[in-house]
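Bear in mind that the values in this text are calculations on the coordinates, not laboratory data. It should be emphasised that the depicted structure is a prediction, and the values quoted were computed from it without experimental measurement. Here the Cβ is made from the backbone with ideal geometry for all residues, glycine too, and neighbour counts use every protein chain on show.
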Amino acid sequence: MAVLPPTEAEGGWITPRAERWLEYRRHLAAGASSRKTSQASPSEVGGQSQLPAVRAAHTRAEASQRYRRPHVLHVELDELILNAADLGLELAWYETAKYFVSLHPSSVRLPTVQWPSEAPRPKPHANYMASLAQPARASMSGVYDKQEVVQIQEKLEMHVDALDSHFVMFLWCQRSSLLGDSTVLLGYRPIPLRVETLYCRWAAWDISDLEAAQELAQLRIRLTVVAPPGQIRLAHLSDVHETGFTLNWSEPLGSPATAYAVSIHAPGTAVALSRQTTSSHEVPLGGLSPGKTYVVDITGMNQAGWGEGLKLEASTRPACLALGHHSGTVQPIAMRSALVALLFGMTSASNHSLRSGGATSPIAIRGNMLFSANGERFFAKGIAYNPRNGNYGQVLGSHKPECKAGTPKFPPLPYYGDPTADEMADQFSEYLPLIKKLGANTIRLYNIDPEKSHRKFMEQAASLGIYVLVPLTRGDWGFLPALPSPQCYYEDLPDYGHVGLNLLTSAKLIVDQFSQYENTLMFVVGNEIELLDKEGMAAYPCVKALTRDIHRYQKEQGYRSVPLIYSDKDQGNKDRLHIANYLTCALESPDDAVDAFGLNAYSWCDPTYGSFQYSPYKSIADDFATFSKPFLFTEFGCNIGSFQWSCPAYKGGRTWPQVGVMMDKMSDLVSGAVAFEFSMENNEFGLVLTPGFLQGQDTVKLTDSYYALQKEFESHTAKSFAQPTRSVPWHVHCIVV
């Protein structure tokens, strides 16, 4: 029987990026005086005018700082193909020719090129790289009508104090005879050094004539740029005891480290208690005092030099925590960095759920249904929320020339940006009332940065009676890869590190922050894993492993047991039911079973199916007729076929006939449905055109589909049940065939 990837018993978790984020907040605060009074707080970041410039300046400064560090350039030269007909070389019978290239780093703005003052020669510690001169041989066919080939096949290396914007590659011919030698410059080609997509891959670069810009040759090159390691990531503690702990961390971003320097000292002192160098990702630190806080420095190094150091605080276990004060074995104290506490604006983890100050109370699971604190059945009428504020001119214009993208009012977010952090308050404070007006009581989120505060979003949502589905996985940091188990939990990925460690660090920080809000409806442990890669199906054991570890973490921390749900893509009868049964059963323990199952279904694409009997949802109802845990449509809303619409008017669109079916014919099965999605993006699913989405559209525009869903939400109420329709022991075990 296949087992789940084993758990890691971490003693405490520290977010290593909090310090960087606080530095960024201070950077924003420096420009706060130029903003309106209502935007004075650095955590209340607006976005209408100042923020894009601030972010751009911060990004440029960060990039500039990165390039000013030492780097090592590795260049592999392969085959040089010469266009013999256009070289313009006329060799006498007594002459021979050899060819070589030289590469000169430069930041002079192109098209200006600094020409070498003399012919370069290979030598150490030069401010350029040069290959050895090699003869050419004739080739009858290839890139050019008449060509010659030079097999350079050489590896060059150069250490630089800073990374220039490009290097200029020069092509040279070395002519030799009994009368003497001479070197002729034939052509050149600038090659960018800061485009990371060019690294570590072979590419053929054209070399042009000095005057006529006519192509003379092609050279295959593979470029690798090694920078000092970035900041250490995912630092955390294990084996925490009275006189020490073990410090663990993951590979830094960017270039990998070959060794690490670790030092520890008391706060406010420069004298280190110990220093050591290691190639491992963990170091035991002992000989410390009980209940004391220490400052730990970790810095990585490689052939380019020392990287960006990480400074964090860590504490030993107090001596007063004796065994007699606890039942069972003593659990290691969770170490929380003071930076994280400051960042979130909250004290250390509490054993009690904190009220979010609104009109919500926690929703609980009973059997296959959701119930409120007063015993009434709860049905989640939801909307997916993930505004990107992008300019989609190219996409929309390809659909209709008259559909012209505008300039978004709020700052654009990257694909994995977080639209619900406190800094986005100007935006979501405008949108949340529209979601309430829609008739929704639930929002599904997709991108959470756990090192940012979300208090404003959660409290405003609670005041409107809105619950939130919070994701535990992320796309940029803390993702669940579609690799076969156990690799999906224990693989070390290049430039990323240990996937399970990264995932658990991120997920636990999210749980830390959102468990305090009573309107946190559920945590989403994964979304459509099988779509990420051909091996996605084999990654489901890692979904269960994450579920197990988060369930146990909730218990260890004394948090409210916010339910865990998995969101699956509807793949038809056989697959969807097998996946649901596997994820909701107890394979090794009850902890590895998700508490609810979600289906992303886009199959209802016609308003005229005649009856529920002939609709695509009938097979779903039949498949899950005996399903004993809450079932939600975590995404729905086909926008093709009869529901297709187009820019710029976006007339008609979806009429949402399935909403009534979910709350009537399927009400004993379905506990909620999340329409996709609130804001119009390049996929054109959105119900709302956000300000600046189209040219000349400066305010929010509600579409016909928004009003149609509003009508359905208001017209239909799920059937009331005092008790769940199906209830079996939640610890039902998996049946292994």
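Sorted fewest first by neighbouring Cβ atoms within 10 angstrom, 645, 202 come out as 202, 645. With Cα atoms as the point set, segment 244-303 shows a radius of gyration and Dmax of 12.3, 39 Å.
Annotation: lysines with alpha-carbon distance below 26 angstrom to residue 381 (same-chain offsets under eight excluded): 436, 437, 456, 569, 618, 629, 651, 665, 701, 711, 719. Annotation: peptides 176-183, 545-552, ranked by per-residue average of other Cβ atoms within 10 Å with the highest first, follow the order 545-552, 176-183. I'd like to know which of 550, 678, 609 lies farthest towards the positive end of the charge dipole of segment 364-715, counting +1 on Cβ of Lys and Arg and -1 on Cβ of Asp and Glu. Ranked along the dipole, the leading option is 609. In straight-distance terms, cross-link reach from residue 98 covers every one of the lysines whose alpha-carbon lies under 27 Å from its own, apart from those fewer than eight places away in the same chain; here that gives 123, 146, 155. What the Cβ-Cβ distance of residue 258 and residue 201 gives, at R0 = 25 Å and to the nearest 0.05, is a FRET efficiency of 0.65. One decimal place: the segment residue 265-residue 402 gains 42.9 nm when fully extended, by the rule 0.36 nm per residue minus the C-alpha distance. At full extension, residue 556 and residue 301 could sit 88.2 nm farther apart than now, given 0.36 nm per residue minus the alpha carbon distance. For segment 364-715, the relative contact order works out to 20 percent when only alpha carbon pairs closer than 8 Å and six or more residues apart are counted. In this Cβ point-charge picture (+1 for Lys and Arg, -1 for Asp and Glu), segment 414-559 has a dipole of about 600 debye about its Cα centre. Here is the list for segment 221-301: trypsin sites (Lys or Arg not before Pro) lying in DSSP coil, each with at most 16 other C-beta atoms within 10 angstrom of its C-beta, are 292. One decimal place: the segment residue 224-residue 722 gains 172.8 nm when fully extended, by the rule 0.36 nm per residue minus the C-alpha distance.
Judged by the mean number of other Cβ atoms found within 10 Å, the most tightly packed of the peptides 650-658, 373-381 leads the ranking 650-658, 373-381. The fewest-to-most ranking of 643, 678 by surrounding Cβ atoms within 10 Å reads 643, 678. Each of 232, 363 was scored by other Cβ atoms within 10 Å of its Cβ. Listed from fewest to most, they are 363, 232. Computed over segment 280-321, the P(r) tail beyond 13 angstrom holds 65 percent of alpha carbon pairs. Computed as a quarter of the hull surface, the mean projected area of the alpha carbon convex hull for segment 364-715 stands at 17.4 nm². Here the Karplus curve 6.51 cos²θ - 1.76 cosθ + 1.60, taken at θ = phi - 60°, turns the phi angles of segment 362-379 into couplings of x, 9, 10, 9, 10, x, 9, 9, 10, 9, 7, 5, 8, x, 7, 5, 10, 10 Hz, with x standing for Gly and Pro.
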